[in-house]
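Scroll down for the structure; my scribbles are underneath it.
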Amino acid sequence: MDSHLFDQDKKKTWKQTILLSFQIVGIVYGQLSTAPLYVFGTMRTSDLAADQEVVYELFSFIFWTLTIISFLKYASIVLKADDEGEGGTVALYSLLCRNAKVGLLPCDTSANEVMLYEEEKSSPKIKADSRARRAIEKHKICHYLILFLALFGSCMTIGDAVLTPALSVYSASAGVQRSLADILKDIFDSSEHTKESVSKALKAYVPVPSACVILVGLFMLQHCGTRKIGIMFAPIIAAWLLFVAAVGTYNIFHWDVKIIYKISPFYIYRFITKIDIHRWRLLGSVILCVAGSEAMFAGLGHFSKKSIKITFICFIYPLLLLCYAGQAAYISKNLTSSDFNHLSQSMPGQCKHLYIVLSLLSSAVGSQATITACFSIINQCLALNCFPRVKVIHTSKTINGQIYIPDVNWLLMIFSLTVTVGFRDIVKIGNATALAIISGMLVTTSLMSLIIALYWEKDMMVSVYFLVCFGFIEAAYLSACLLQFHKGSWYLVVLLVVSMTVMLSWHYGSMKKYEFDLQNKVSTEWLIDISPGLGISRVPGIGFIYTEIVAGIPAFFSHFITNLPAFHQVLILVSFKSVPVPYIGESERYLIGRIGPKDYKIYRCIVRSGYCDHIRDTGDFEEKIIRSIGEFISIEQNDIESRMGCPDERMMFVGDSRDDGNGLVPLEDLESSSSSSCMVQSQVNNESQISPVAEEALESSSGCKKRKKVRFMLPHNSPKMQVSVRNELLELIDARENGSAYFLGQSHLVVRDGSNFLKRFLIMVYRFSEKNCREPPVALKIPHAALVEVGVVCTI
């Protein structure tokens, strides 16, 4: 029986791997597969037509670049450095944060209770101390440099997602224009003047408009999700690869069968010995042949490592080599033809119609890899407080990494359209794309060398060899791309400055807010001691206090109760703590503790999440917190330290709610969105008095929408519980029935007089981003009628 079940699981695993491998063709490898559209096409014909040997040397470069970077570096080495299934520069950064203590972000600063648990749960393996580890952990400049590298790599992924759709779609549209011109010349027997006029008209009205239409359609399809897009796009890319590989094989035998021997490294050596500025800038186009290799790693969260590797080795790699070999064979024998370096010209006459259809479809699909990678990277930056709040939609119930970000999607579309309409030149767009690709690869190489030394704990020389070998090759390509800075590459620098400014300013503003909260928090004893003096009254219901700090009472709430001495019969301080791992299990997510004596009914809930979790966007988030507190109350009676009255807050992990007779039992009920116990939104700041809080939400009954609300009851074994536990659970249920209010601090950053320009500029950008990004109540799915916002001015 066990053997049969094992065989079934193994069969299911391989079936899933094959299915994922099929989807990967359209999602991850689209960009790599459509690179032949523009690798030779972005080279200047004057640089190629000088000598036939140059074509052979460039083909040798393409073969070894594809083999060393895509095959050896990414498929064989970098894919092994996943962070629990997640890839990309942020995943590498999180690995370094956990293993080399280089974290700088506010979310990396943990409360003692949480860090204590982290150490207990961590692997018993102790990381070996080394001089490199000590140096990196000691010098703060290393921490800033590593964070900068991670953000720089993320910006390059965003730039690639803007430029690649424009490049691939525009190159295909230009190829269609040339194919149509050739077809019309064969059909109509007109004068040379007429043919030239038709050719100019096609060049003016076909490439840009058709490219814009395809780009709009591509970005409008993103809401369908990775799985549906993969199923739709995979057959297109598979057909495209088989088609260009078949044409390449034909061109090899028809034009130059000896092209296979040109992969010899001797041709690379000969290219270098004759190097000049014209030859060197050709390498900026050669690097485009590995465009999409970074997406193999960045899109790891969408698919499995095995399926990515199998698809590349068995399908993508051999077919691409046949395509490039065939195109090089054609170019070497047709150096005097017009536009000989474009893929469309190497198509046999009978294949041009099929090429028009497949190239347009595949060019749109080919951009999907960078868009998917961009979504993944921004999703990870969000959790690490390095990107403004945006809405993230999960498009798969089984694979957590498959997401869609609407706001980012439309911005990418606008920038791609701007590039296409503004440049109207495949060479300039290709130069900017090449710079984005090679810059991102250099960041991955730098971070991987640290991973090898600090996480894999290999010998330092192994890390140095990796950095030198791959870094030297990529640095050579980078220098070639920089030669074209004035011819299109400058646009990438503009994108880099904009995206990096937004990321750094958001990180800086978040860090300053967190530091202000830490410096101005009050102790939990203050809340307990001040209650009798102020005559604080308790009102029915539950009060959720959302705060970034995980110890003490936030300044905004202390300001609130000194102005209005009242709070709810049950008070829950909710804090979100992002840890540098992709996902947190439900049994380790909720850290619950009690503040003060049991009679006060004040609890603290620390919600732990990985950088790929999105617990704030779930509709049952409040329900899970209440169930976790109910479970905490039930199991607290068995905790000796809590019964002895431990003076400090003692936290314990609860969650993964089980039907074991403890805690609360949820009952689903339909209730109108207007609740008699909700509070209307009020604004409070340090300069003004607090507005009165209404006990009823003034909503029109006709406009009320039915929403699901979960009610709770005691478990079946409640008569066997201790009386104190049973009474406390009943009070929690009663408070839930009376409704909930949500307290949220609104910190307004203000720069002190005399501050330097850089600080003023970063805070100005942060405030602009904060006003135009997704608001916290929306991100937390808090009903506005039950929201109490307390404004606090943070002077930095």
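For HIS559, the conditions (1) open to solvent by less than 30 Å² (accessible area, probe 1.4 Å); (2) part of a helix (DSSP H, G or I); (3) closer than 23 Å to GLU789 by Cα are fulfilled apart from (1). Which of the residues spanning region 152-173 are under 16 Å from the mean Cα position of the chain (by Cα), hydrophobic (A, V, I, L, M, F, W, C) and crowded, with 24+ Cβ neighbours inside 10 Å? The answer is CYS155, MET156, ILE158, ALA161, VAL162.
Given the criterion in contact with a Ser or Thr (Cβ under 9 Å, 6 or more places away or on another chain), farther than 24 Å from ILE69 by Cα and of a type outside the set (Asp, Glu), identify the matching residue among TRP280, TRP255, TRP240. Being in contact with a Ser or Thr (Cβ under 9 Å, 6 or more places away or on another chain), farther than 24 Å from ILE69 by Cα and of a type outside the set (Asp, Glu) holds for just one of TRP280, TRP255, TRP240, which is TRP255. Take the conditions (1) modelled with pLDDT under 80; (2) surrounded by 19 or more Cβ atoms within 10 Å (Cβ to Cβ); SER376 misses just one of them, which is (1). Pairs are defined by a Cβ separation below 7 Å, a sequence spacing of at least 6 or placement on different chains, a first member in region 248-265 that is in the same structural domain as TYR355 (by the TED database), and a second member that is open to solvent by 50 Å² or more (accessible area, probe 1.4 Å); the pairs so defined are GLY248/LEU322; THR249/LEU322; TRP255/LYS333; ASP256/LYS333; PRO265/TRP64.
Okay, residues lined up against (1) more than 21 Å from SER346 (Cβ to Cβ); (2) of a type in the set (Phe, Trp, Tyr); (3) touching a residue at least 40 places away in the same chain (Cβ under 8 Å):
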| residue | (1), (2), (3) |
| --- | --- |
| THR273 | yes, no, no |
| ARG279 | yes, no, yes |
| LEU282 | no, no, yes |
| LEU300 | yes, no, yes |
| PHE312 | yes, yes, yes |
| PHE315 | yes, yes, yes |
| LEU319 | no, no, yes |
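Residues checked against (1) modelled with pLDDT under 70; (2) within 18 Å of the chain's Cα centre (by Cα); (3) charged (D, E, K, R):
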{"position": "SER94", "(1), (2), (3)": "no, yes, no"}
{"position": "GLY103", "(1), (2), (3)": "yes, no, no"}
{"position": "TYR117", "(1), (2), (3)": "yes, no, no"}
{"position": "ILE126", "(1), (2), (3)": "yes, no, no"}
{"position": "ALA135", "(1), (2), (3)": "no, no, no"}
{"position": "LEU145", "(1), (2), (3)": "no, no, no"}
{"position": "PHE148", "(1), (2), (3)": "no, yes, no"}
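So which residues in region 283-315 are over 25 Å from the mean Cα position of the chain (by Cα) and either open to solvent by less than 20 Å² (accessible area, probe 1.4 Å) or within 18 Å of MET441 (Cβ to Cβ) (or both), if there are any at all?
Within region 283-315, LEU283, GLY284, SER285, VAL286 qualify.
Take GLY552 and tell me if it is in contact with a Lys or Arg (Cβ under 8 Å, 6 or more places away or on another chain) and without any contact (Cβ under 8 Å) to a residue 60 or more places away in the chain. Yes; evaluated as a whole, the condition is true for this residue.
If you check TYR546 against the conditions, is it farther than 18 Å from ILE530 by Cβ and assigned to a loop (DSSP other than H, G, I, E, B)?
Spelling it out, it is not the case that TYR546 is farther than 18 Å from ILE530 by Cβ and assigned to a loop (DSSP other than H, G, I, E, B).
Please tell me if ILE77 is part of a helix (DSSP H, G or I), open to solvent by less than 10 Å² (accessible area, probe 1.4 Å) and either in contact (Cβ under 8 Å) with a residue 60 or more places away in the chain or out of contact with any Lys or Arg (no Cβ under 6 Å at 6 or more places or on another chain) (or both). Don't jump to the end; show me each part of the working.
Numbers: part of a helix (DSSP H, G or I): yes; open to solvent by less than 10 Å² (accessible area, probe 1.4 Å): no; either in contact (Cβ under 8 Å) with a residue 60 or more places away in the chain or out of contact with any Lys or Arg (no Cβ under 6 Å at 6 or more places or on another chain) (or both): yes.
Answer is no for this residue.
Within region 246-262, the set of residues being buried (at least 20 other Cβ atoms within 10 Å of the Cβ) and of a type outside the set (D, E, K, R) comprises VAL247, GLY248, ASN251, ILE252, ILE259.
Among the residues making up region 85-101, those that are over 13 Å from LEU145 (Cα atoms), out of contact with any Pro (no Cβ under 6 Å at 6 or more places or on another chain) and not in a loop (DSSP other than H, G, I, E, B) are THR89, VAL90, ALA91, LEU92, LEU95, ASN99, ALA100.
So that you can scan it fast, the table gives a plain yes or no per residue for (1) surrounded by 22 or more Cβ atoms within 10 Å (Cβ to Cβ); (2) assigned to a strand (DSSP E or B):
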| position | (1), (2) |
| --- | --- |
| LYS487 | no, no |
| VAL494 | no, no |
| VAL498 | no, no |
| GLY509 | yes, no |
| LYS512 | no, no |
| GLU515 | no, no |
| GLU525 | no, no |
| GLY541 | yes, yes |
| PHE567 | yes, yes |
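Within region 445-462, the set of residues being without any contact (Cβ under 8 Å) to a residue 60 or more places away in the chain and in a helix (DSSP H, G or I) comprises SER449, ILE452, MET461, VAL462. Of the residues ALA476, ALA453, ALA436, ALA480, the single one that is surrounded by fewer than 18 Cβ atoms within 10 Å (Cβ to Cβ), in the same structural domain as VAL408 (by the TED database) and of a type in the set (Gly, Ala, Ser) is ALA476. Restrict the check to region 757-775 and report whether at least one residue is open to solvent by less than 60 Å² (accessible area, probe 1.4 Å) and part of a strand (DSSP E or B). The answer is no, given that none of the residues of region 757-775 is open to solvent by less than 60 Å² (accessible area, probe 1.4 Å) and part of a strand (DSSP E or B).
If the condition is being farther than 18 Å from VAL54 by Cβ and surrounded by fewer than 24 Cβ atoms within 10 Å (Cβ to Cβ), then region 316-343 contributes TYR317, PRO318, LEU319, LEU321, LEU322, SER338. One residue alone among PHE472, PHE466 is of a type in the set (Phe, Trp, Tyr) and under 26 Å from SER94 (Cβ atoms), and that residue is PHE466. The helices (runs of 4 or more DSSP H) located wholly in region 282-349 that include 3 or more residues which are charged (D, E, K, R) and in the same structural domain as VAL25 (by the TED database) occupy 305-311.
The values are calculated or read from the model by the stated rules, or taken from the named source; none is laboratory data. Remember, it's a predicted structure, so these values are computed and weren't measured experimentally. Note that each Cβ is placed from the backbone with ideal geometry, even for glycine, and that neighbours are counted across all protein chains shown. With ligands, DNA and RNA removed, areas are computed over all heavy atoms of the protein, side chains included. Shrake-Rupley method; radii C 1.70, N 1.55, O 1.52, S 1.80 Å.
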